[in-house]
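Asker: What follows is a single structure, and I will ask about it in a moment.
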Amino acid sequence: MKKEMNYSPQHLAYLQGVKKKTAWVNAARFAILLLLLTLWELSARFEWINPFITSSPSRMLACIGDLYKNGTLFYHVGTTLWETLAGFFLAVGLGYGIALLLWWSETFRRISEPYFVVLNALPKIALGPLIIIWFGTGSKAIVFMTILIGLIVAILNMLGGFMETDENKILLLKSMGASKLQILTKLVIPSSLPNFISMLKINVGMAWIGSIMGEYIVSKAGIGYLIVYGGQVFKLDLVMSAVFILCILAAVMYAAVALLERLVIKNRK
């Protein structure tokens with residue numbers, strides 16, 4: 001049976017105010033987006049701006065409709081989506097595991113940490129020719145590029161979260177006879193959960209950057225391919241449509257991580 005919660009009138013008024021403010025913020029966001037799209041469409045129609053260069057919402061929708069009719073829309077979206085998700089999950093998993101090893105071994109951490117910092121600062125696009133030679137011109141190269149961009153970010157973020165664990169709590173567990181594995185599972189990992197969520201949010205953007213960058217270098221399909229092809233043949237409606245689709249996919253993926261965050265917070269409470 002669900003436990004009934006008794007709130008004071010003041011607390012109920014506060015909760016109602018929070019709901020109203022959230023609804024107002026969401027309405028304002030939608031209104032601003034609608035206003036920007038309307039101004040963009042009107043500016044293109046009345047040629048206040050050059051519609052060939054800037055496109056317009058209606059032309060973008062028409063272009064997306066053409067992609068759907070000729071059967072290539074979901075093919076390109078699906079190609080980029082699986083490359084992005086594969087690189088995202090592999091980067092997160094490998095990064096989390098390596099960060100655990102770095103926390104576990106101080107010697108390993110002190111030896112390898114400078115290399116991770118240098119690799120993080122290295123422009124990954126410079127490795128493009130090598131990646132093509134190593135993995136060919138298929139999706140493997142794109143997934144590897146996605147992993148390469150997100151991996152170091154995941155390692156450094158999670159290592160920082162592990163190292164921020166309260167030393168007094170660690171000493172307390174040690175005084176109670178806890179092993180290093182128990183300290184890791186009972187204290188370090190649970191306390192680093194906010195860092196994990198933050199790392200996921202950052203890596204959402206990194207994953208899309210990696211996959212699109214990889215498709216810029218070498219691809220025969222995908223959203224990045226559409227952007228490159230559209231730019232080469234001056235089909236700027238196609239370029240803007242591909243960017244619009246990319247924004248929607250990235251927003252949906254970020255929203256999924258935000259939903260996970262709310263569920264985690266709710267369960268912790």
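For every residue, the table says whether it meets (1) under 30 Å from GLY222 (Cα atoms); (2) over 22 Å from the mean Cα position of the chain (by Cα); (3) not in a loop (DSSP other than H, G, I, E, B).
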site: VAL117; (1), (2), (3): no, no, yes
site: ASN120; (1), (2), (3): yes, no, yes
site: ILE133; (1), (2), (3): yes, yes, yes
site: VAL143; (1), (2), (3): yes, no, yes
site: VAL153; (1), (2), (3): yes, no, yes
site: ASN157; (1), (2), (3): yes, no, yes
site: LEU171; (1), (2), (3): no, yes, yes
site: GLY177; (1), (2), (3): no, yes, no
site: LEU181; (1), (2), (3): no, yes, yes
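Asker: Look at segment 113-128 and say how many of its residues are of a type in the set (Gly, Ala, Ser), modelled with pLDDT of 80 or more and in contact with a helix residue (DSSP H, G or I) (Cβ under 7 Å, 6 or more places away or on another chain). Before the answer, list the steps.
Answerer: Looking only at segment 113-128, we keep the residues that are of a type in the set (Gly, Ala, Ser), and these are 121, 126, 128.
Okay, now just the ones that are also modelled with pLDDT of 80 or more, so 121.
Still in the running and in contact with a helix residue (DSSP H, G or I) (Cβ under 7 Å, 6 or more places away or on another chain): none.
Summing the residues that are of a type in the set (Gly, Ala, Ser), modelled with pLDDT of 80 or more and in contact with a helix residue (DSSP H, G or I) (Cβ under 7 Å, 6 or more places away or on another chain) in segment 113-128 gives 0.
Asker: Considering (1) farther than 21 Å from PHE196 by Cβ; (2) surrounded by 13 or more Cβ atoms within 10 Å (Cβ to Cβ); (3) out of contact with any helix residue (DSSP H, G or I) (no Cβ under 7 Å at 6 or more places or on another chain); (4) among the aliphatic types (A, V, I, L, M), say which one ILE131 fails and leave the rest.
Answerer: The single condition ILE131 does not satisfy is (3).
Asker: Follow-up. Can you tell me which residue within segment 101-111, out of those that are surrounded by fewer than 16 Cβ atoms within 10 Å (Cβ to Cβ) and in a helix (DSSP H, G or I), is modelled with the highest pLDDT? Give the derivation first.
Answerer: First, pick out the residues of segment 101-111 that are surrounded by fewer than 16 Cβ atoms within 10 Å (Cβ to Cβ): 101, 104-108, 110-111.
Still in the running and in a helix (DSSP H, G or I): 101, 104, 106-108, 110-111.
On the way: LEU101: 90, TRP104: 86, GLU106: 83, THR107: 86, PHE108: 85, ARG110: 86, ILE111: 87.
Selected residue: LEU101.
Asker: Another question, if that's okay. How many of the residues making up segment 62-100 are of a type in the set (Ser, Thr, Tyr), loosely packed, with under 14 Cβ neighbours inside 10 Å and either assigned to a helix (DSSP H, G or I) or touching a Ser or Thr at 6+ places or on another chain (Cβ under 7 Å) (or both)? Let's see the steps before the verdict.
Answerer: As a first pass, look at segment 62-100 and keep what is of a type in the set (Ser, Thr, Tyr): 68, 72, 75, 79-80, 84, 96.
Then keep just the ones that are loosely packed, with under 14 Cβ neighbours inside 10 Å; that gives 68, 72, 75.
Restricting the remaining residues to those that are either assigned to a helix (DSSP H, G or I) or touching a Ser or Thr at 6+ places or on another chain (Cβ under 7 Å) (or both) gives 68, 75.
The qualifying residues number 2.
Asker: Find all pairs meeting these conditions: Cβ atoms under 7 angstrom apart; at least six residues apart or on different chains; first residue within segment 59-78 and farther than 17 Å from MET240 by Cβ; second residue at pLDDT below 90.
Answerer: TYR75/ALA221
Asker: Kindly provide the set of residues from segment 20-61 that are loosely packed, with under 11 Cβ neighbours inside 10 Å and among the charged types (D, E, K, R), ordered by number.
Answerer: LYS20, LYS21, ARG29, GLU47
Asker: Within segment 157-205, track down each residue that is of a type in the set (S, T, N, Q), surrounded by 13 or more Cβ atoms within 10 Å (Cβ to Cβ) and either in contact with a Ser or Thr (Cβ under 9 Å, 6 or more places away or on another chain) or modelled with pLDDT under 85 (or both).
Answerer: Just the residues of segment 157-205 that are of a type in the set (S, T, N, Q), to begin with: 157, 165, 168, 175, 179, 182, 185, 191-192, 195, 198, 203.
Now drop any that are not surrounded by 13 or more Cβ atoms within 10 Å (Cβ to Cβ), which leaves 157, 165, 182, 191-192, 195, 198, 203.
If the condition is that a residue be of a type in the set (S, T, N, Q), surrounded by 13 or more Cβ atoms within 10 Å (Cβ to Cβ) and either in contact with a Ser or Thr (Cβ under 9 Å, 6 or more places away or on another chain) or modelled with pLDDT under 85 (or both), then ASN157, THR165, GLN182, SER191, SER192 are the ones that fit.
Asker: I would also like to ask the following. Give me a count of the residues in segment 213-226 that are surrounded by fewer than 22 Cβ atoms within 10 Å (Cβ to Cβ) and either aliphatic (A, V, I, L, M) or outside the structural domain of MET145 (by TED's automatic domain parsing) (or both).
Answerer: Summing the residues that are surrounded by fewer than 22 Cβ atoms within 10 Å (Cβ to Cβ) and either aliphatic (A, V, I, L, M) or outside the structural domain of MET145 (by TED's automatic domain parsing) (or both) in segment 213-226 gives 4.
Asker: Using beta carbons and a limit of 7 Å, which pairs, at least six apart or on different chains, have the first residue in segment 136-158 and among the aliphatic types (A, V, I, L, M) and the second one not in a helix (DSSP H, G or I)?
Answerer: Short answer, once both residue conditions are applied: ALA141/VAL218; ILE142/SER219; MET158/SER192.
Asker: State which residue pairs qualify: first residue within 14 Å of GLY95 (Cβ to Cβ) and assigned by TED's automatic domain parsing to the domain that holds LEU159 and inside segment 187-200, second residue in a helix (DSSP H, G or I) and of a type in the set (S, T, N, Q) in any location, beta carbons under 7 Å apart, and separation of 6 or more residues or different chains.
Answerer: ASN195/ASN157; SER198/ASN157; MET199/ASN157
Asker: Mind checking which residues of segment 117-150 are under 19 Å from LEU94 (Cβ atoms) and either touching an Asp or Glu at 6+ places or on another chain (Cβ under 6 Å) or of a type in the set (Ser, Thr, Tyr) (or both)? Reasoning before the result, please.
Answerer: Filtering segment 117-150 for residues under 19 Å from LEU94 (Cβ atoms) gives 117-120, 122, 124, 127, 131, 134-135, 139-150.
Listed by number, the residues that qualify are SER139, ILE142, VAL143, THR146.
The values are calculated or read from the model by the stated rules, or taken from the named source; none is laboratory data. None of the values given here were measured: they were computed from a predicted structure. Here Cβ is always computed from backbone atoms with ideal geometry, including for glycine, and neighbour counts include all displayed protein chains.
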